[in-house]
Amino acid sequence: MEKIFSITVNSLDETNILAEKFANAIKGNGAFVCLYGDIGAGKTAFTKLVAKHLNVNEKVTSPSFVIINEYLSGDLPVYHFDLYRLEKEGVITILDELLEYSKPGVLTCVEWAEFSDIELPLDRIEIKIEYLDDTSRKFDFYAQGEAYKKLLEGLKN
């Protein structure tokens, strides 16, 4: 996994700008995205903002208790997984869905991917979000696969 860039945002407005750039970059092809960070770091908040910029009409909420939320009203389907409450056996039961949702033309966001011992799709984006203070977050963007490396390179500016 190659780290492409880091950015620190100091407000929700700056996070929104980053989410808009990310949404615009993936609009054509979608992406498989793993989100990492402590509770409260902003994984769901970032997903909500990206979905907003993909014109998702539904209310985007954390899938912590339902494992997956599907949003089909936007520019592309958005599938939002949360593996926090699943143990290895639980992840195995949804593996087919997780891999099915890693196809082109959709955005699949997986929170707490580190809780799975499964083989994640080889080509993916990983976003590590670090809580700095009440308004500031550090985002580290990683890519596996040439297409995702190029996509993230375009976001650096």
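Nothing in this text is a laboratory measurement; each read-out follows from the coordinates by a stated rule. If you're wondering where the values come from, they're calculated on a predicted model, not measured in any experiment. For neighbour counting, all protein chains shown are included, and Cβ atoms are generated from backbone atoms with ideal geometry for every residue, glycine included.
See the values below:
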quantity	calculated
Theoretical FRET efficiency, 1/(1+(r/R0)^6), r = Cβ-Cβ of Val66 and Thr135, R0 35 Å, to 0.05	0.75
Dipole axis of the chain (+1 Lys, Arg; -1 Asp, Glu on Cβ), positive-most option in Phe141, Asn69, Leu155	Leu155
The range 128-153 and the range 1-76: distance between their alpha carbon centers, rounded to Å	11
Debye, to nearest 20: dipole size of the chain, +1 on Lys, Arg Cβ, -1 on Asp, Glu Cβ	480
At least 15 Å along the helix axis (C-alpha) and Kyte average at least -0.5, DSSP helices within the chain	12-26, 43-53, 88-100
Antiparallel DSSP beta bridges within the chain, percent to nearest 5	55
